[in-house]
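Q: The structure's right below; bear with me while I get my questions together.
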């Protein structure tokens with residue numbers, strides 16, 4: 001019996017989308033700004049050096065990015081199961097590990113930068129010097145970048161997507177200003193571009209003070225015993241796809257740089273850099289929408305709210321592809337202007353960039369789908385499928401596809417640059433098809449979502465407006481449902497009384513922000529479970545003390561006494577209470 005109107009969940013998803021887009025925009029904007037400023041104020045060689053530095057950038061970001069995403073998913077599952085203590089321990093452990101690894105990178109920066117640059121770029125030319133200077137500062141700033149990336153992911157699952165986006169926006173505004181100052185008015189050169197990124201991440205950390213002072217926090221830094229650091233394995237297990245993603249990204253960046261430099265030289269690298277930055281722009285806009293999935297789906301999966309998971313996925317996909325269609329049209333209409341923005345300067349190089357970029361744009365639709373399935377399957381703990389798609393997309397397929405594309409296009413036009421774009425289109429299509437086949441092999445006779453179509457047990461699932469008139473109907477609806485399902489009269493009365501008492505107190509206490517209340521009653525074997533979700537002000541019935549005649553706290557005390565267990569959490573910026581009896 002499904003009557004939930006999903007307005008409450010939809011409203012909260014809408015709240016997450018804009019901050020999610022802003023967060024993704026801010027996260028990718030630094031690389032794009034660096035590339036644009038470097039290409040226009042220093043030169044195309046320096047722009048290529050930024051791309052050649054990507055393998056090192058990937059390693060520097062590895063710990064904070066992976067533990068941030070995987071840790072926040074694992075914490076979301078824990079919070080969905082009401083394990084606040086375990087969630088705080090995991091948060092603290094990932095913070096410590098990220099900081100320690102970052103410090104190790106900083107120590108290695110000065111002696112390692114030169115040999116690493118020589119490994120990435122053959123010879124002792126200007127390109128090698130640019131690459132060395134860029135990666136040296138990135139390695140020195142590893143602790144700052146790692147903690148920053150880790151925290152933005154935890155802020156999303158901690159009901160503060162607006163602070164996560166504010167942090168990254170502030171970091172990139174600072175980066176933008178310092179980029180221009182360092183490159184225009186100082187002799188720092190490409191070192192200034194890298195330094196501005198690190199300083200942006202550092203200075204923007206003042207925003208984290210707002211999170212520390214928030215009364216919505218579920219997570220706290222706590223002192224761990226040496227043996228308790230092992231809880232990090234929870235994040236590592238959940239984050240296997242992200243670890244594979246970052247490892248594959250390293251192989252991908254190093255492999256593509258080698259293939260393109262050997263086959264096409266610096267001109268090919270310049271074209272690839274522009275295409276890669278356009279893909280970053282696509283991810284910057286659509287990735288923020290897809291990024292809502294791990295923040296929310298982990299909690300819904302922990303609560304076994306499979307109906308909510310479907311609502312989430314359909315909404316995020318719809319918004320993503322609408323936005324993607326607009327982006328695709330803009331790329332096709334303004335291809336030449338985009339290449340000029342990245343310093344092509346017209347001429348033969350500009351012509352190659354325009355043609356390659358138009359072919360490259362065809363990969364964005366399957367690319368978005370692959371991003372979606374990886375995020376979704378991670379969130380429901382189907383790490384094998386997510387890892388398979390990640391490994392295909394970022395290592396197994398992309399390198400041979402790019403090499404074959406270049407060699408085939410050389411036979412067509414004698415140049416081969418367009419083969420880079422063709423290789424990327426083939427990679428995304430092959431990955432999408434292979435992931436679908438792999439999922440069908442692992443989970444026969446299931447839909448794409450894998451999880452059940454309905455929540456477990458026999459469910460009454462409905463929504464009411466936050467009014468006393470609507471609250472008066474709750475008791476009757478639950479009694480009728482229990483009678484239809486043959487539940488005992490005593491349990492039916494308990495469920496009806498609990499739901500009515502909680503609903504009345506939510507309406508009285510919830511304030512103006514409380515518009516809808518979702519009520520789910522699940523009959524599963526001998527267990528009766530009542531879940532109530534609302535978007536009112538913070539209201540934890542477990543901690544509320546009687547201090548006013550305005551609230552019928554005696555009703556809540558009654559619920560506590562007659563129930564087997566009662567759990568509360570503030571998640572997805574909503575009050576979530578589960579009562580079992």
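Q: Select, from 272, 328, the only residue that is closer than 29 Å to residue 56 by Cα and assigned to a helix (DSSP H, G or I).
A: 272
Q: Please verify whether residue 360 is assigned to a helix (DSSP H, G or I), over 30 Å from residue 43 (Cβ atoms) and in the same structural domain as residue 258 (by TED's automatic domain parsing), treating the condition exactly as stated.
A: no
Q: Checking the conditions here, which among 329, 296, 307 is farther than 19 Å from residue 73 by Cβ, outside the structural domain of residue 127 (by TED's automatic domain parsing) and under 24 Å from the mean Cα position of the chain (by Cα)?
A: Exactly one residue qualifies, and that residue is 307.
Q: Tally time: how many residues in the range 565-575 are in contact with a strand residue (DSSP E or B) (Cβ under 8 Å, 6 or more places away or on another chain) and more than 15 Å from residue 522 (Cα to Cα)?
A: 6
One line per residue, one yes/no per condition, for (1) part of a loop (DSSP other than H, G, I, E, B); (2) outside the structural domain of residue 205 (by TED's automatic domain parsing); (3) out of contact with any helix residue (DSSP H, G or I) (no Cβ under 9 Å at 6 or more places or on another chain); (4) at pLDDT 85 or above:
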| site | (1), (2), (3), (4) |
| --- | --- |
| 92 | no, no, no, no |
| 99 | no, no, no, yes |
| 106 | no, no, no, yes |
| 111 | no, no, yes, yes |
| 114 | no, no, no, yes |
| 137 | no, no, no, yes |
| 149 | no, no, no, yes |
| 156 | no, no, no, no |
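Q: While we're looking at this one, here's another question. Does the range 43-62 hold any residues that are under 14 Å from residue 257 (Cα atoms) and not in a helix (DSSP H, G or I), and which are they?
A: Answer for the range 43-62, where residues must be under 14 Å from residue 257 (Cα atoms) and not in a helix (DSSP H, G or I): just 53.
Q: Taking the stated definitions as given, is residue 424 surrounded by 22 or more Cβ atoms within 10 Å (Cβ to Cβ) and at pLDDT 90 or above?
A: yes
Q: Only one residue in 74, 26 is at pLDDT 75 or above, in the same structural domain as residue 198 (by TED's automatic domain parsing), assigned to a helix (DSSP H, G or I) and under 23 Å from residue 573 (Cα atoms), so which one is that?
A: 74
Q: Is there any pair linking a residue in the range 29-58 that is within 19 Å of residue 181 (Cβ to Cβ) to one that is outside any helix (DSSP H, G or I), with Cβ under 6 Å and at least six apart or on different chains, and which?
A: Filtered contacts from the range 29-58: 39/342; 39/343; 40/343.
Q: Restrict the check to the range 436-453 and report whether at least one residue is buried (at least 19 other Cβ atoms within 10 Å of the Cβ), in the same structural domain as residue 250 (by TED's automatic domain parsing) and at pLDDT 90 or above.
A: Yes, the conditions are met somewhere in the range 436-453.
Q: Next up: For the range 481-496: of the residues being under 42 Å from the mean Cα position of the chain (by Cα) and part of a helix (DSSP H, G or I), which is surrounded by the fewest Cβ atoms within 10 Å (Cβ to Cβ)?
A: Restricting to residues being under 42 Å from the mean Cα position of the chain (by Cα) and part of a helix (DSSP H, G or I), the top hit is 491.
Q: Going by the structure shown, is residue 192 without any contact (Cβ under 8 Å) to a residue 40 or more places away in the chain, assigned to a helix (DSSP H, G or I), in the same structural domain as residue 88 (by TED's automatic domain parsing) and touching a helix residue (DSSP H, G or I) at 6+ places or on another chain (Cβ under 6 Å)?
A: Considered against the rule, which asks whether it is without any contact (Cβ under 8 Å) to a residue 40 or more places away in the chain, assigned to a helix (DSSP H, G or I), in the same structural domain as residue 88 (by TED's automatic domain parsing) and touching a helix residue (DSSP H, G or I) at 6+ places or on another chain (Cβ under 6 Å), residue 192 comes out as yes.
Q: With respect to residue 345, is the statement that it is at pLDDT below 85, outside the structural domain of residue 74 (by TED's automatic domain parsing) and closer than 30 Å to residue 47 by Cβ true?
A: Taking the combined requirement at face value, the residue satisfies it.
Q: Being part of a helix (DSSP H, G or I) and at pLDDT 75 or above: is that true of residue 210 here?
A: yes
Q: I would also like to ask the following. From 580, 548, grab the single residue that is on the phi < 0 side of the Ramachandran plot, at pLDDT 80 or above and over 31 Å from the mean Cα position of the chain (by Cα).
A: 580
The values are calculated or read from the model by the stated rules, or taken from the named source; none is laboratory data. What you see is a predicted model; the values in this text were computed from it and never measured. Here the Cβ is made from the backbone with ideal geometry for all residues, glycine too, and neighbour counts use every protein chain on show.
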